[in-house]
Amino acid sequence: MHSSKTILPVAKPRSAILTLKMLGRRHSRKLFLTLLLVVAENVMYLLYPLLAGFAINAILSGRTWHAVLYAVMVFTMWAIGAARRSVDTRTFARIYAGLAVPVIVAQRNENQSASTIAARVALSREFVDFFEKHLPVLITSLASMTGAAVMLLAIEFWTGAGCLATLLFFACFLPGFTRKNDMLFGRLNNRLEKEVSFVSNANAASLDRHYGVLASLRIRLSDREAWGYLAIGSVAALLFAVTIAVMSNRGGTNAGPYLFSDDLYVDVCHEPG
C-alpha cells in the first residue's frame, strides 16, 4: 500500500542532505508558498521602523490621515504573520504525516522494536523541522541583518556603515564559534543516545556521572551563547551612543522620528538569530 512512497533514509547520517533535497523537490510548491510568506513578513518587519518614524513625523505635523496609514501597515504585517502560521501548520503537518507512515511500515517489515521505530519516526520529524523552523529562522536572520544595514545606509550612512563593519567583524569569528558548538552538541547527542542504556543498566555512581556530564555540556553551550549575546549587545549599545550623539549635535525638528527609526534598525541589525 505504501510501497510507492519514498522511504525516509533514517539510518544513514550522510543521507541527511539527500533527504532534505528529496523533501524539497517533492513538496516544492507548498514550500515555495510558505517561504514566500516568510519573505513577505520580513519585508514588513524591515519597513516597520521607517514607517514608524514617518508616522511620528506626521503626528508632530498634524497630518492625522498620514499617521493613521501606519495602523494599516501594522494590520497588514499581523495579517501576513497570521496567514504564514496557518499555512505553516497545514503544510508541515501533512508533510510529516506523509513521512511517518512509510517509515513505520518499513521498520515493521525489518522487525525493529517499538522503541526503535518510535525513535526513527521522531528523527523523521527533524527533517520536517528543518523546513518549518530552521530555514525560516535563517531567512529571517539574514534578511533582518542585511536589510536593516541597507536601510541604515539610506537613512544614516555612517551608522549603516558601522553596522556592516560590525557584521563583517563577527562573521570572522563565526566559523570557529560554529565548529566549537558543533563539537559540544556532538558530545551532548552522543551522551543522549546512550541514555536508555544508562537508565536500564547503570548504577547510581554512573548515573550521577552521566547526568553531570550532560549538565556540564549544556552549561558550556549556554555560556557561549550568553557571551556572544553580550558581545553583540555591547557593540549595538556603542552604535546607539554614536548615533544619538551625531544626531543630537546635528539637531533639526525631524531628528526624533529619524532617531527612532535609526535605533530600531541598529537593534534589528544586531539582533542575534
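Every read-out reported here was derived from the displayed coordinates using simple, explicitly stated rules and does not represent laboratory data. Because the structure is predicted, anything quoted here is derived from the model rather than measured. Here the Cβ positions follow ideal geometry from the backbone for every residue, glycine too, while neighbour counts run over all protein chains shown.
Quick look at the values:
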{"read-out": "Å³ per residue enclosed by the Cα convex hull of segment 9-155", "value": "121"}
{"read-out": "Cβ-derived FRET efficiency at R0 45 Å, L33 paired with K180, nearest 0.05", "value": "0.75"}
{"read-out": "Separation of the A118 and W65 label points, Cα + 7 Å toward Cβ, nm", "value": "6.4"}
{"read-out": "Ranked list, fewest to most other Cβ atoms within 10 Å of each Cβ, for C163, C172", "value": "C172, C163"}
